[in-house]
Structure formats: C-alpha cells, structure tokens
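Any read-out appearing in this document is the output of simple, stated calculations on the displayed coordinates, not a laboratory observation. What you see is a predicted model, and the numbers here were worked out from it, not measured in a lab. Note that we place each Cβ from the backbone using ideal geometry, even for glycine, and neighbour counts take in every protein chain shown.
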Amino acid sequence: MIVNDYTPGIPDALPPGYRFDDFEIQEVLDSSNTGIVYRAWDHQLERAIAIREFMPRALTVRSDDMRLVLRSKQDSVEFTTGLNRFIQEARQLAHFNHPNLLQVLRFWSLNDTAYTATLFYSGISLAELLQQQPDIIDESWLRRMLPMLCSALAALHSGGYIHRDLSLKSVQIQDNGTPLLLNFAASRRNASGMSDESKTLLHPGFAPLEQYTEDLENQLGPWTDIYALGAILYTLITGNTPQASVARSIQDTCIPLVQSEIQGYSTSLLQAIDQALSLKPEDRPQSIEEFAAIADIPSDEPGEFAYAKKPGTMLVAVDEEVDSATLPVWKKYQAPLQIAAGVVVGVIVGALLFGRSTPSGTEPTVANVAEPAKTTLKAKAAPAAGELLARVYVRVQEGDDMEINGKPQKSVPTTNGYGILQLPAGKYDIMLRNQSGNRSMSLTVDKPGTWLLNPQG
C-alpha cells in the first residue's frame, strides 16, 4: 500500500476508471508474481482505499472482458488452491484488530478471481526511508519502532499465521511515523499446499534457508519471520543486506554484528539480530517474545506486547462525522474493536518515532507530575463547549474503577479489554484505579475523531 507514482504498463492490470460498484480503480500501487495492488476511490464513503487482486502471473492472463483465464488447463488445481487460500486469508486477517496490521474492509469474487479491500495507508517503505533519510535511523529510533512491529508480528503468530514475506519493502512507515506490515503471504502453519507459491515470495537476504526447501510444511514457523526481522534490522544498521541464506549455507561471509565494532548500538540489540540470523531455525529465537527478551525490548507481560505503550501512551485521532445528539458519557461496549481500528489512520506517537516534528495541529506532551504520570493531548482549534465530538475507547483491566474529572463512572471490562466513551468538547482527567495502582490521562477534546487511549501509571 505504498504511495508512489503510477506505474504504467503493468501487464494485465485493471485500467483506471474500472468500477466494482462503489469502488473505482485509480492507479496501480504495486505488482508481484501473485497479485496487483490498486489505489481506488470509495464513492459511497468518499475515501481512498486499496484493493488487492489475486492474479498469479505464471498461471493466468486477462481477457478482454477483464476475466482471468488460465494459461493451461493443467494449472487449474494450483490456481484454485491459491484462490481459496487468498479468500480464506482475507477472512482470517479481517479479524485482526491491530493498528500495525492491515485492516481488511471486505473481500469479494469477480472476474474469475478474488479481491480484498483495505484502508489506504500513506507513507514510505523502510527501503525508501533508508535511501532518503538514513540519518534518522539509530538505536533510539529502532527501539521506538520495534515494540509496535514486534506486537504486530506477535499478534499474527498468536493467530496461527506467519508473514513469510518480510523485507524492507514489507514494512511501511506511515505519515504519522508508525510501522505497518504489508505484503502478507500470511500462511497458516502446517497448511497443505504451501509450497506451490512459496518460491515466488523469496527476497534474497531476507528469506531464511527453510523457505528454499521443499518441506515447508514442517519447517516454517515464527522463527521464519524472526530471521527476516533480523535481516531488516541488519540492513537498517549497516546499510547492506545480509548475504543470501542459501549462499551462507555454502560459505558464510556474514560477520556477526557484535564482532563488527558497530558504534552507537547496544550489545543486547546486536546479539538479538545475530541470533535471529542463525542459519538453523532451532538456533534462532523461537518466538517474538524470546527475540524481544534478548534485544531488551520492553513488554508489559510475557507473550503480550503493548504496541504503543513504549514510549508514551497510545493516542489515536481520526477525523470522522459524529452525531451531535447527546449520548451518555459511559455505555457498555457493544461493537468489536475493529470499529475503532477500521477508522484509525493517525497515531500521535509519530513525532516520537521520527524525533523531528509533531503532527500538524497536535502537541503531545507528558505532564511533569510526580504520581500518577499523565499524558496530555492538546490541539489548536477549540469548538463550542458541549458539542459532541469524540468516540473514545479506553483500555480497561479487570477490577478497574473509572473516574472522569473526579466523578466515578461505571467501568465495564469487555472481552477485548476496551470500554467506550462518548465525550463532548472539553477537557477530561481520566483515572483508572485498581489494587495494582492508578493509571491516568488528561485529554482535551477539541476536534472530531475516534480515540484509542491506554492510560499509564
């Protein structure tokens, strides 16, 4: 979903202006051996989206009526297997509610193939960032990005998936500074038929040795993505892609980072990268949690990454229309968290990630108070007091008691761990209390949006 110049001449791509009901193709964003990604316009909701089309080039061509036609009848089984996997993965990925994973909006079948629509994410890939702004990349920047990236991979792995396609082009740094995983191959572990398209997904230097083998069913796992993650970090630090794993298996010239006298990077991070790049799967960290422990990447509890708690508190602001009718301040959480995630397009930790500037119109600051710590969000414009503007999702824990501006509010934990507030314009001190301590946040509502809050102690 990387924004770039329109790429003319993509073989068999749908032309600009082609319509799927309310979705109109505008341009080609990306093309691979297995599909094409388009930028499209949603005329119903008046917003940009991205559409991915399943199109294995080796097996199909496009006819004049836009349908995909098999090059050979012998390819029918392989195409059908891939198409079914594409549809199944769209269904599964639609259940992920994570700000650093693609948000699938819908999928459908047409033209004898299938399509998925996602939110449109604007930004640049890590490959482009390394080329255009290499000075921004240091250990401090990496340690601010890694908890979110690790959290996204951990969420994917916990759902039984592996990415299988990680590289510098597979991670987008959004305009707000947060990382986003792209280009999912997202196969389930131990799924049948994985080897049919596996060889089309290999990125030399990033693909581990097991991805070159025929016995993928028993070889792939979280350690596969961990190798690629190590290769990404190795490239960002050194400026050079690691030697391809197949070449390393013959003669390994990849010098461990801890032996390379790299300046400005901690031993813990370099050791984690070196272990992630081990040729043998069993020599690598076996989980994202294990990798994070070696790299000394903080997480709140074993097996769970608080993707935006380090550093600061996660604040998500999204411009949207909100009914101005008066609603109760606290009501029971009724919809899955994807309601919030589906409209999330900006995280106010972008300035922290890039360390350069604050997103336009916002100035996130940390209040200098002793206990409890509070994070304050301010904005420039101030609407009329009492006008309903914000839908706020607050992370709650079992046993939490909530206070808003010192007044008790009923706190109802949900299966997703979030409660919902409807807040008019104004300033709010939100306090959560339980036996473990207090967590708080100061919030100024002065712009339309949906907010995802994670108060800190």
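A few notes on this one:
- Each other residue within a Cβ distance under 15 Å of residue 277 adds +1 if Lys or Arg and -1 if Asp or Glu, for a net charge of -4.
- Computed about its Cα centre, the charge dipole of segment 19-119 is approximately 300 debye, with only Lys, Arg, Asp and Glu carrying charge at their Cβ.
- Per-residue Cβ neighbour counts within 10 Å put 32, 245 in the sequence 32, 245, beginning with the fewest.
- Under 9 Å, Cβ to Cβ, from residue 59 - net charge with Lys/Arg +1 and Asp/Glu -1: 0
- Of the residues 163, 95, the one with the fewest other Cβ atoms within 10 Å heads the list, and the complete ranking is 95, 163.
- ³J(HN,Hα) computed for each position of segment 222-237 - Karplus, 6.51 cos²θ - 1.76 cosθ + 1.60, integer Hz, glycine/proline x: x, 4, 5, 5, 5, 4, 5, 4, x, 5, 4, 5, 4, 5, 5, 7
- Segment residue 279..residue 246, full-extension length gain: 11.0 nm, with 0.36 nm per residue of separation and the alpha-carbon distance subtracted.
- If a spin label sat at a point 7 angstrom from the Cα of residue 63 along the line to its beta carbon, the backbone N atoms of segment 113-133 nearer than 19 Å would be those of 113-115.
- Karplus-based coupling profile of segment 41-54, in residue order and whole Hz: 10, 8, 5, 6, 9, 6, 8, 7, 9, 10, 10, 10, 10, 6, with θ = phi - 60° in 6.51 cos²θ - 1.76 cosθ + 1.60 and x standing for Gly or Pro.
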